[in-house]
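Have a look at the structure below before the remarks.
The values are calculated or read from the model by the stated rules, or taken from the named source; none is laboratory data. These numbers come from a predicted model, not from an experiment. Heads up, the Cβs are rebuilt from the backbone with ideal geometry, glycines too, and the neighbour counts pull from every protein chain shown.
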Amino acid sequence: MVDGSTRQSWGDEGEDSSTLFSVFMANYNHGHFIETALTALTTQSLPPDEIIVVDDGSTDDSVEKISRLSATNSSISLIRNETNQGAIAASQRAFDATRGKYVYAASADDWVLPGFIEKTVEMLENNQSAGLCFTLRQETDTEGNVVLRDRPSVRFDTAAFFSPADTRRILLNDGFFIAGTSTVYRRSNLMHYLPWDPELGAFIDGFVAHTIALESGACFIPESLMSRRGGGTRFSLRGSNDPDIVFNRTNRAAFLMADTYGHIWPRGFSEQYRNMAARDLAMTLFAQQKIEFAEYRSKLKKLNNHVPGRLNGFSLALLSIPGGLATRIAQILLLLAYRPSMRRMWIKLTRIRAA
Amino acid sequence: MTTSMTNERISVVFPNYNHGRFLEGMLSALLTQSVRPYEIIVTDDGSTDDSLTILRRLEQEHPEITVLVHEKNQGAVAAVNLAMSHATGEFIFATAADDTIQPGFFEESLALLNKHPEAGMSYAGRRSVTEEGILVQPNPRSSWTPANEPVYIDPEHVVRILNNRGLFILDSTNFYRVDALEEFVPWSPELGPFITSFAAHTIALQRGVCYTPNVLTERRVSSTQYSVEAMRDIDGALVRTDAAINMMENDYGHLWPRKFVMNYRRSEARRIAHLLITDSTVRQAETLGRINALIGYRPSLLARFSLLMLRGALALNNKLDAVFLKWRFRPTFGAMIDRIRWKLGRG
């Protein structure tokens, strides 16, 4: 990531006035999803001028599938990494090949819904100062049923432009609210924050999106225009619960918020953010602990029922009380330890009262 | 004895699944025995490591070795069954790719069986080493041995040991007479890994068993190995216990002592309970360690206190569970009395 003060040197480099909308995508072994993702893009009412896919050394049939689609659709181009270099490097390589005024970082396992490009471009054309436009998202299960829609933390029911001051207020009241995966960037704004900072890990797009919104403002469309693939278990990624990974990322982002981009981010937000990360991680770990405990108790119960005896099921149930109770109390105490700012708690309370 | 030596063909059978790094050691231990095996039949069970390359090379070098292949992994029971169906020897040594044997194992086992033609099989002392080859200190409870010198244990004595000590023939040391083993081959998959122990004890109950206390086999244990299946799949473990009890009570009801079978369900439950509690403790420790690391990044007195409380409560819970289940699955009263009498030497 480039230091804010040197941004001039990047300018609008690489933009080509004849290219309006570019999509860049990194793919690693998402062969069974990538056709959906690419077709959803090419069948948009306003199709993108170019779709740059970097295949990051996939070992499945991704390359064949992408090549087949790119043969029938000239807007799709494939760049191949011979070896796997990681999502951030691949994504950067794909971005470097784009020329559009607006750019969208698509992920190979998600897909956009009809109208995504037309609506976001219209908003960005009408609000020249906005650095990006984001929409709500939905999550579908393996059968394609919508299981979850983004809860709009932003209380607007019509498309709106949030000025930097609005963005600041929303951020302090509601926390993060822009989803990187449904965000279309104005190239000239995104350029300031490239190349991607690999230390931010999974938070990279969220961090950049909020920084741009705080700096230049953001457009918001309160419709689900992008779909994510849900269905996987929440704890399938044990690595994402690793405090070392989460906190390396958190420390880097907090440093950027307080220091490098301290003039953009609200004062004191980085501390709130550290608490937020701790709270989220603590809750995930507790939920995991709870599931493991329940699983263990149910196994003991099965074993217990296997050998005949009287009243023993009851005794076993009694025995689970201390562990279950302690888990609950410890969870509440940790929530208190990493509580949000008084301001956010107060806002939450008044909203609950109003509802 | 000397005249029949040439007719005593030993078949070694074992399955291999991704144990490529142990294969050379295992095969050289087999081929350097004072009494060489007649044939060594290995089923490669769809390994994804370099096992098959190593096996093919060794097969070229040594005519005794035959390599059979399962293209896809089908489990140890199916793999060993395929190997056993190709065995032609009068004696069968069924082992595992990551185990190994000491010099003299075949010679001593053969001598014992020749001395006691009525015995159906023999087994030997065993030690355990870790993946890295470090000796594991034996658990004093399981290191009980029936004798201090090579012996033949007759069926009556086998019954007494089963009643008072429980199962005693050590897995992966079993050297069978093929005519004794025949009725158990192919291994039935419904008993899972218990099939070897079940067959060995049933043969011992039918015809008696020879035993040498010399430590002639080595078993490799990994920290993750301890009957993972019992923890991941408790339903499967309970079904297997039921299947084993069914075999002991019905098919081989005339052999297996009733007292033992009565206590077998409880002793299995005790064993599984112990594994479950150990597994749960390990997983809890992992999660608690993560919470601890989190607090390290974001210090808070309240958070520390909450973790301390949770740690204490879970430890207490595990202890309570262990005590309760041990009491719940205790041996029957009669069995406890018998065991005390046995220990005092009046059994």
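Here are the numbers for this structure:
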{"read-out": "Residue check for A:Ala278: at the interface with chain B (Cβ under 7 Å from one of its Cβ atoms) and in contact (Cβ under 8 Å) with a residue 40 or more places away in the chain", "value": "yes"}
{"read-out": "Test for A:Ser107: is it among the hydroxyl-bearing types (Ser, Thr, Tyr), within 20 Å of the chain's Cα centre (by Cα), under 20 Å from A:Met226 (Cα atoms) and modelled with pLDDT under 90", "value": "yes"}
{"read-out": "Identity of the residue in region B:36-67, outside any loop (DSSP other than H, G, I, E, B) and either among the hydroxyl-bearing types (Ser, Thr, Tyr) or in contact with a Cys (Cβ under 6 Å, 6 or more places away or on another chain) (or both), that ends up surrounded by the fewest Cβ atoms within 10 Å (Cβ to Cβ)", "value": "B:Thr53"}
{"read-out": "Output for region A:31-52, where each listed residue is farther than 17 Å from A:Ile117 by Cβ and buried (at least 24 other Cβ atoms within 10 Å of the Cβ)", "value": "A:Ile34"}
{"read-out": "Some residue of region B:168-177 being of a type in the set (Val, Ile, Thr) and either part of a strand (DSSP E or B) or surrounded by 20 or more Cβ atoms within 10 Å (Cβ to Cβ) (or both)", "value": "yes"}
{"read-out": "Residues of region A:306-355 satisfying the condition of being in contact with a Gly (Cβ under 8 Å, 6 or more places away or on another chain) and within 9 Å of chain B (Cβ to nearest Cβ)", "value": "A:Ala326"}
{"read-out": "Residues satisfying the stated conditions in region B:22-56, i.e. over 19 Å from B:Ala79 (Cα atoms) and of a type in the set (Lys, Arg)", "value": "B:Arg36"}
{"read-out": "Failed criterion for A:Arg351 (all others in (1) in contact (Cβ under 8 Å) with a residue 24 or more places away in the chain; (2) surrounded by fewer than 20 Cβ atoms within 10 Å (Cβ to Cβ) hold)", "value": "(1)"}
{"read-out": "Matching residues in region B:111-133 - criterion: being part of a loop (DSSP other than H, G, I, E, B) and either surrounded by 15 or more Cβ atoms within 10 Å (Cβ to Cβ) or modelled with pLDDT of 85 or more (or both)", "value": "B:His116, B:Pro117, B:Glu118, B:Ala119, B:Gly120"}
{"read-out": "Conditions (1) within 14 Å of another protein chain (Cβ to nearest Cβ); (2) surrounded by fewer than 19 Cβ atoms within 10 Å (Cβ to Cβ); (3) modelled with pLDDT of 90 or more: number failed by A:Ala254", "value": "(2)"}
{"read-out": "Flag if A:Ser182 is at pLDDT 80 or above and small (Gly, Ala, Ser)", "value": "yes"}
{"read-out": "Residue selected from region B:164-196 under the condition polar (S, T, N, Q) and under 18 Å from B:Thr241 (Cα atoms), by the criterion modelled with the highest pLDDT", "value": "B:Thr196"}
{"read-out": "B:Glu108 without any contact (Cβ under 8 Å) to a residue 40 or more places away in the chain and outside any loop (DSSP other than H, G, I, E, B)", "value": "no"}
{"read-out": "Within region B:253-262, considering residues that are under 20 Å from the mean Cα position of the chain (by Cα) and assigned to a helix (DSSP H, G or I), the one farthest from the other protein chains (Cβ to nearest Cβ)", "value": "B:Phe260"}
{"read-out": "Members of region B:293-303 found to be surrounded by fewer than 16 Cβ atoms within 10 Å (Cβ to Cβ) and more than 7 Å from every other protein chain (Cβ to nearest Cβ), listed by number", "value": "B:Gly296, B:Pro299, B:Leu301"}
{"read-out": "Test: residue in region A:271-289 that is of a type in the set (Val, Ile, Thr), touching a Lys or Arg at 6+ places or on another chain (Cβ under 9 Å) and farther than 30 Å from A:Leu318 by Cα", "value": "no"}
{"read-out": "Those residues of region B:214-234 which are more than 13 Å from chain A (Cβ to nearest Cβ), at pLDDT below 65 and either in a helix (DSSP H, G or I) or touching a Ser or Thr at 6+ places or on another chain (Cβ under 9 Å) (or both), in sequence order", "value": "B:Ser223, B:Tyr226, B:Val228"}
{"read-out": "Residue within region B:235-242 that is modelled with pLDDT under 90, under 21 Å from the mean Cα position of the chain (by Cα), loosely packed, with under 14 Cβ neighbours inside 10 Å and at the interface with chain A (Cβ under 8 Å from one of its Cβ atoms) present", "value": "yes"}
{"read-out": "Lone qualifier among B:Leu308, B:Leu275, B:Leu316, B:Leu288 - being at the interface with another protein chain (Cβ under 7 Å from one of its Cβ atoms) and either under 17 Å from A:Leu316 (Cβ atoms) or part of a helix (DSSP H, G or I) (or both)", "value": "B:Leu316"}
{"read-out": "Cβ pairs under 7 Å, 6+ apart, first in region B:193-216 and more than 20 Å from B:Val151 (Cβ to Cβ), second of a type in the set (S, T, N, Q)", "value": "B:Ile195/B:Ser188; B:Thr196/B:Asn174"}
{"read-out": "Failed item, numbered, when A:Ile264 is tested on (1) more than 9 Å from chain B (Cβ to nearest Cβ); (2) crowded, with 18+ Cβ neighbours inside 10 Å; (3) closer than 30 Å to B:Val239 by Cβ", "value": "(3)"}
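Rundown of residues vs (1) within 18 Å of A:Pro48 (Cβ to Cβ); (2) charged (D, E, K, R); (3) in contact with a strand residue (DSSP E or B) (Cβ under 7 Å, 6 or more places away or on another chain), yes/no style:
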residue	(1), (2), (3)
A:Asp110	yes, yes, yes
A:Arg137	no, yes, yes
A:Gly144	no, no, no
A:Phe161	no, no, yes
A:Arg169	no, yes, no
A:Leu190	yes, no, yes
